[in-house]
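Read through the structure below, which is laid out as structure tokens, and then see the notes.
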Amino acid sequence: MGFHYDKDRDGIVTVTMDMDGPVNTMNTAFTGLFETTIDRLEAEAGLTGVIFASAKKTFFAGGDLKMLVAVEPGSENEFFRGVEYTKALLRRLEALPVPTVAAINGAALGGGFELCLCCNHRIAWNDRSVKIGFPEVTLGLLPGGGGTVRLTHMLGLQAAMPYLTEGKQVRPDRARADGLIQETVEDLRDLLPRAKAWIVDNPNAVTQPWDQKGHRIPGGGSNSPKVAPMIAVGSAMLFEKTRGRLPAPERILDTMVEAARLDFDTAQRIESRNFTSLVTHPVAKNMITTFFFQLNQVNGGASRPDGVPPSSVKRLGIIGAGMMGQGIANVAAHAGIDVVLKDISLEAAQRGKAYSEKVFGKRVKRGKMTPEGMQAAMDRITPTAQLADLDGCDLIIEAVFEKVSLKDQIVKESEGCLSADGFWGSNTSTLPITRLAQSSSSPERFVGLHFFSPVDKMPLLEIVVGEKTSDETLARAFDFARQIRKTPIVVEDALGFYTSRTIGTHLTESVQLVAEGVSPARIEGLARGLLYPTSPLALNDEVSLRLGLEIFDSQVAAGLRRAEDDPTPEGTAVLRAMVEDLDRPGRYAGSGFYDYDDSGKRLWSGLSRWRKADVDLSDADIEDRLLFRPVLETLRCLEEGVLRSVADANIGSIMGIGAPVWTGGYLQFLNTYGLKKFQARCEALAERFGPRFAPPRILIAHAESGEAFR
Ligand code: NAD
């Protein structure tokens, strides 16, 4: 393992990167191998060209995130020097007096594509598996190996923006059209011969665009009259998205503007400085931890019971072809599973199937699916009103109305259709799985499969383990989730599971603020400033105020909670007034906290009835109340064993209930906020606003020991 160095008779050296481990990454081992290679290339007699290739399935995976996440504040100088050292090596590659080519056989992302940008020519295999781009921004970082500056020089500020500030990744044909690479081959076997042919044909193509005399950045430099106003508008638009909570896109734009203003080498140093400041920033720690390590952990099966052989679902039955059933049918058919979609009438089931036609049709239009692929997926969905058509399904999921008696009846009448070793899933969002499993003759094969709406867009599946659900059933549910490309978290069967219970605290806190007289526009604005994807009063409307109230009332009626324990009774009174007195039950009815019409939505002016002129709450009080409630509820879920892992909490909160991305999820947030600081702030909030903010024991224990939530 290492870098293989082969010189052919024409004097062309092929460097095939094959680092230890499954992928090539930019770390200290890389620096050593790369330096030795550059030394040798510089000294090579009779050298006529160089090809960088990979022995792995991917070309190069980018920066070593294990190393990057471990860089602590205080070690900035050392880190900066390391970055500059690697960049000097890349510059030496660029300065070789012979043409160099990157032969891209697989994904070339981040640091991998930075290496490609140092070559004079880039050729990629035009395959679905090959992706090109800079995902750094999605982890709170910037391309710090010269990529930010080089791409700006190559494409110009405007065209480089989506690749750098949004982390856009593309397939080779698109990369060629956008000027990121110059050539593609359809057959992988042609890749190296094409690279050699280009070297032979272009012996003098040795100077990078930015090193050529008279080089101009496409579109103009930062001070040009066309570009300067665009920068002002661009940075305002960016701030609208980041609200100062996501430093990476801001630093990237900053570096790009400097690159288009200063000389190449100075801009490179600025890029290294900005990279260094991001690496040690809490937001990068949060994003790398959760979106890379914990996401891999979750998808890799950390919460899947060991010892159960992998399984897959071949024939899926879905009962209820409404909003959820039709979405589940869609993702399953897309994943190659045969689906029987049952509703009370054939027409209703057909309507459910028609939903897939719409979703797939859009995908075909965008070039993300072939018409043949769409036809094959559509053919996999059989709509029906006949119970007998479900015979032989190895999984049946019910997605009928949220009513215990109906669900009981459905389980009883259709359980017999399951294949001998089939299992049963309920998509209930609130009913206890253990209770529903009572109507099953084999409760060990009964599991909660809580999908999110719209199913074809939302990446999460919350798997709910009932009291009797067996490990085998849980493992099979997990495998099914991966089969349909969802990220599964595993939670115990408690009221509201993890996600509904936790989002509920955020929603009710916002209504409590209304009840206390805070201006609704202020609540919504501050939540947007926290980067919640949907502001909480709007989200209350989406979920429906009536549903929120019905769930509360039915839980009280069933003895699952006591009305007098309601932590935000004034908020509940507002909800009740909205639904029962004012007939504003939510978005579905066209009126809730907002008014809705074709032109969009506006906060309802009638909310002024609750406003008070003398509200004594700072912005920080409001922000912390909205953010801390779900964080505290997540801690309680961990303490009570509803959550089995920190990773599930973080991934579930981000992918299921819209926790702001900069937090890295509701538990990771605590690690960088500071455990003691959070405890102290909660104690202050509890004193002023009530015991719902009191720090749970698990938080106090971690704050005392200093142990992070991992
Ligand atoms: P929906 O009203 O859109 O669909 C329910 C469907 O079930 C209807 O098409 C109805 O005709 C059908 N149905 C009723 N009785 C039936 C029977 N006996 N046999 C066959 N079909 C029957 O409801 P939905 O929003 O899809 O919700 C379904 C379930 O999913 C509920 O348990 C709900 O709590 C849960 N859920 C909903 C969401 C959401 O955001 N809507 C999210 C997660 C879970």
**Report entry** the range 1-128 - Rg and Dmax from Cα coordinates, angstrom
**Finding:** 14.8, 51
Query raised in the report: Could you list log10 I(q)/I(0) for the range 415-556 at q = 0.14, 0.16 Å⁻¹, which the Debye formula gives when each Cα is one point scatterer?
Result: -0.75, -0.90
Query raised in the report: Normalised by the number of residues in the range 531-596, what is the relative contact order in percent for Cα pairs under 8 Å and 6+ residues apart?
Result: 47 percent
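Among DSSP beta bridges lying fully in the chain, give the percent that are antiparallel, nearest 5. Mind showing how you got there, number by number?
Values: 19 of 67 bridges.
Bridges in the chain that DSSP calls antiparallel: roughly 30 percent.
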Query - Helical mean residue ellipticity (222 nm; -39500 (n - 2.57) per DSSP H run of 4+; nearest 500) of the chain - result: -14000 deg cm²/dmol
Report task. Return the distance in nm (one decimal) between the two label points of a simple spin-label model at L617 and A205, each offset 7 Å from Cα along Cα→Cβ. Result -> 6.2 nm
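Assuming 0.36 nm per residue, please report the length gained on full extension of the stretch T28 to D190 beyond their Cα-Cα distance.
Working: separation 162, 0.36 × 162 = 58.32 nm, distance 3.23 nm.
Additional length available on full extension: 55.1 nm.
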Report summary line: Binned at 10 Å from zero, the C-alpha pair distances of the range 189-244 give percents of 18, 23, 22, 18, 18, 0
Report task. Give the value in nm², to one decimal: projected area of the alpha carbon convex hull of the range 294-417, averaged over all directions. Result -> 9.5 nm²
Report summary line: Mean accessible area per residue over the chain (1.4 angstrom probe, all protein chains present, square angstrom) is 42 Å²
Query raised in the report: At 37 °C and 0.692 mPa s, what whole-number value in µm²/s does Stokes-Einstein give for the translational diffusion of the chain, with Rh from the Kirkwood sum over Cα pairs?
Result: 117 µm²/s
**Report entry** Cut-off 16 Å, label 7 Å out along Cα→Cβ of R216, residues of the range 157-172 by amide N
**Finding:** 157-158
Query - Radius 11 Å from Cβ of L141, net charge of other residues (Lys, Arg +1; Asp, Glu -1) - result: +1
Query raised in the report: Quick one: net charge of N274's neighbours, Cβ under 14 Å, K/R +1, D/E -1?
Result: -3
Query raised in the report: Using the beta-carbon distance between A385 and E639 and R0 = 45 Å, what value does 1/(1 + (r/R0)^6) give for FRET efficiency, to the nearest 0.05?
Result: 0.45
Query - Listed peptides 234-246, 531-543, 676-688, 25-37 by packing density, highest first (mean Cβ within 10 Å) - result: 531-543, 25-37, 676-688, 234-246
Query raised in the report: Scattering from the C-alpha atoms of the range 573-710 alone, worked out with Debye: what is log10 I(q)/I(0) at q = 0.11, 0.20 1/Å?
Result: -0.56, -1.13
Query raised in the report: Any idea how far the Cα center of the range 458-496 sits from the one of the range 79-140, in Å?
Result: 39 Å
Query raised in the report: Once the Cβ-Cβ distance between L406 and R561 is put in as r, and R0 is 30 Å, what FRET efficiency do you end up with, to the nearest 0.05?
Result: 0.85
Query raised in the report: Given 10 Å bins starting at zero, what is the percent of C-alpha pairs of the range 306-368 in each, up to the one with the largest pair distance?
Result: 22, 45, 24, 9, 1
Report summary line: Ranking T505, G146, S414 by how far each Cα lies towards the positive end of the charge dipole of the chain (+1 on Lys and Arg Cβ, -1 on Asp and Glu Cβ), the top one is G146
Report summary line: Taking the alpha-carbon centre of each part, the distance from the range 525-590 to the range 378-425 in Å is 32 Å
**Report entry** Loop sites in the range 597-655: GluC sites (Glu not before Pro), DSSP, at most 16 other Cβ within 10 Å
**Finding:** E640
Query raised in the report: Once fully extended, how much extra length lies between R40 and A88, figured as 0.36 nm per residue of separation less the alpha-carbon to alpha-carbon distance?
Result: 15.7 nm
Report summary line: Inter-part gap, Cα centre of the range 291-318 to Cα centre of the range 172-245, in whole angstrom, is 39 Å
Requested in this report: Arrange the peptides 582-591, 93-102 so that the one whose residues have, on average, the most other Cβ atoms within 10 Å appears first.
Outcome: 93-102, 582-591
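Against the 2.2 N^0.38 Å scaling, with N counting residues, where does the range 88-238 land? I'd like the Cα-based Rg ratio to two decimal places. Intermediate values should be presented prior to the final figure.
Values: Rg = 15.8 Å, N = 151, 2.2 N^0.38 = 14.8 Å.
Output field value: 1.07.
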Requested in this report: Let me know the volume per residue of the alpha-carbon convex hull for the range 118-206, in Å³.
Outcome: 101 Å³
Query raised in the report: Which value in nm describes the separation of the simple spin-label points at E467 and E347, placed 7 Å from the Cα toward the beta carbon?
Result: 4.3 nm
Query raised in the report: Taking the highest mean first, how do the peptides 700-710, 278-288, 355-365, 61-71 order by number of other beta carbon atoms within 10 angstrom per residue?
Result: 278-288, 61-71, 355-365, 700-710
Query raised in the report: Label-point separation (nm) for A521 and K358, each offset 7 Å from Cα along Cα-to-Cβ?
Result: 3.4 nm
Query raised in the report: With a sphere of radius 12 Å drawn around the Cβ of T487, what net charge do the other residues whose Cβ falls strictly inside it have (Lys, Arg +1; Asp, Glu -1)?
Result: +1
Requested in this report: Would you pull out the residues with amide H under 5 Å of I104's amide H, same chain only if 5 or more places away, H placed 1.01 Å from N?
Outcome: I123, A124, W125
Requested in this report: Between K66 and D6, take the C-beta separation as r, use R0 = 35 Å, and let me know the FRET efficiency to the nearest 0.05.
Outcome: 0.70
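The values are calculated or read from the model by the stated rules, or taken from the named source; none is laboratory data. Note that the structure is predicted; figures quoted are calculated from it, not measured. Every residue, glycine among them, receives a Cβ derived from its backbone with ideal geometry; neighbour counts consider all protein chains shown. The accessibility values were calculated without ligands, DNA or RNA, using every heavy atom of the protein model including side chains. Shrake-Rupley method; radii C 1.70, N 1.55, O 1.52, S 1.80 Å.
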